[in-house]
Amino acid sequence: MLAVEDLTAGYGPVTALDGVSFTAARGQITAVLGANGAGKTTLLRTISGLVRPSRGSVRLGEHDLTTVAAERMARLGLAHVPEGRGVITELTVEENLRLGRLVRLRRVGAGDLDRAYALFPALAQRRRQSAHVLSGGERQMLVIARALMAEPTVLLLDEPSLGLAPRIVVQIFDLLASLVADDGLTVVLVEQNARSALSIADRGVVLNLGRLVVSDTAAALAGDEQLRHAYLGF
Ligand code: ATP
């Protein structure tokens, strides 16, 4: 379980995250929702050690992640897929995937590229091609697949649906749901697209101006009309 407690962080005088607490249970998808500037990206960056909190803690099992260097996070099982689909366009699809396993916990097994291609058949077809030729949806699949090559126990995903066609979003979200169901992966999913995120999430947290508004089951959040109108945009 990932436990965030009283997390407070910012950029100079700007407080982007203010006393946020919630837990993300193992084998569940926790959606982090809220408008632009709510602090969602900062939350993920603080969990993964890219931003240092001024207060609070992030616990993963017995580890307090706020004392762990960002580059050691992967070895503790944490993978962070930031916004923006940063594939390395000078490399092939397969070379991008191989990069992902440099940080893995266990010794390389033969199956993991095969597993990535089984999960993402579109990448298998393009394995020898430059990542430059990939569509937005394929790039999103590649950055998720690359993160999974490290065999994480916790996957932090920042806005995977941004700018993608609804059909592709459904495909990616279905895949996330199956990963969680099959592998017990813990997912923290930051999304502007609250409706889609809540359709696959177990729980959700809503942020506004850096503060936690509510943390509840996805069904309860999706069923709260006032909350939807005020914070979720649907
Ligand atoms: P978005 O959906 O637009 O990415 P968000 O919910 O992810 O929004 P954050 O990006 O975490 O929100 O931003 C939270 C606050 O911190 C905002 O007020 C933003 O302007 C500010 N902020 C974010 N990054 C920086 C930075 N590098 N320097 C200064 N302020 C920042």
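The values are calculated or read from the model by the stated rules, or taken from the named source; none is laboratory data. A quick note: this is a predicted structure, and the numbers were derived from the prediction, not measured. Positions of Cβ are backbone-derived with ideal geometry, glycine not excepted, and every protein chain shown enters the neighbour counts. Only protein heavy atoms, including side chains, enter the accessible area calculation; ligands, DNA and RNA are left aside. Shrake-Rupley method; radii C 1.70, N 1.55, O 1.52, S 1.80 Å.
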Q) Given C-alpha coordinates of the chain, what is the ratio Rg to Rh with the Kirkwood estimate of Rh? A) 0.96
(Q) Show me, for the stretch 173-190, the HN-Hα J-couplings you get by feeding each phi into the Karplus relation (A = 6.51, B = -1.76, C = 1.60, θ = phi - 60°), rounded to Hz, glycine and proline as x. (A) 5, 4, 5, 4, 4, 6, 4, 5, 5, 7, 10, x, 5, 9, 10, 10, 10, 7
**Q.** Protein accessible area in the chain, 1.4 Å probe - carbon and sulfur %
**A.** 50 percent
**Q.** Cα-projected label distance for Phe234 with Ala122, points at 7 Å along beta-carbon direction, nm
**A.** 1.9 nm
Q.
If you average the C-alpha positions of the stretch 172-234 and of the stretch 1-53 separately, how far apart do those two centres end up, in angstrom?
A. 14 Å
(Q) At q = 0.20 Å⁻¹, what log₁₀ I(q)/I(0) does the stretch 192-234 have when each alpha carbon counts as one equal point scatterer in the Debye sum? (A) -0.53
Q) Using alpha-carbon pairs under 8 Å, 6+ residues apart, how would you state the relative contact order of the stretch 83-151 in percent? A) 55 percent
Q.
Explain nothing, just compute: Karplus ³J(HN,Hα) = 6.51 cos²θ - 1.76 cosθ + 1.60, θ = phi - 60°, for every residue of the stretch 138-148 in order, whole Hz, x for Gly and Pro.
A. 5, 5, 5, 4, 5, 5, 5, 4, 5, 5, 5
Q: As a check on your grasp of the helix formula, calculate [θ] at 222 nm for the chain: sum -39500 (n - 2.57) over DSSP H runs of n ≥ 4, divide by the residue count, round to the nearest 500.
A: -9000 deg cm²/dmol
Q: Give the relative contact order (percent, whole number) for the stretch 33-104; include only Cα pairs under 8 Å separated by 6+ residues.
A: 22 percent
Q. Rolling a 1.4 angstrom probe over the protein heavy atoms, how many square angstrom per residue are accessible across the chain?
A. 46 Å²
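Which loop-located GluC sites (Glu not before Pro) does the stretch 1-81 contain, where loop means any DSSP state but H, G, I, E or B and the Cβ has at most 12 other Cβ atoms within 10 Å?
Of the GluC sites (Glu not before Pro), the ones in loops of the stretch 1-81 whose Cβ has at most 12 other Cβ atoms within 10 Å are Glu62.
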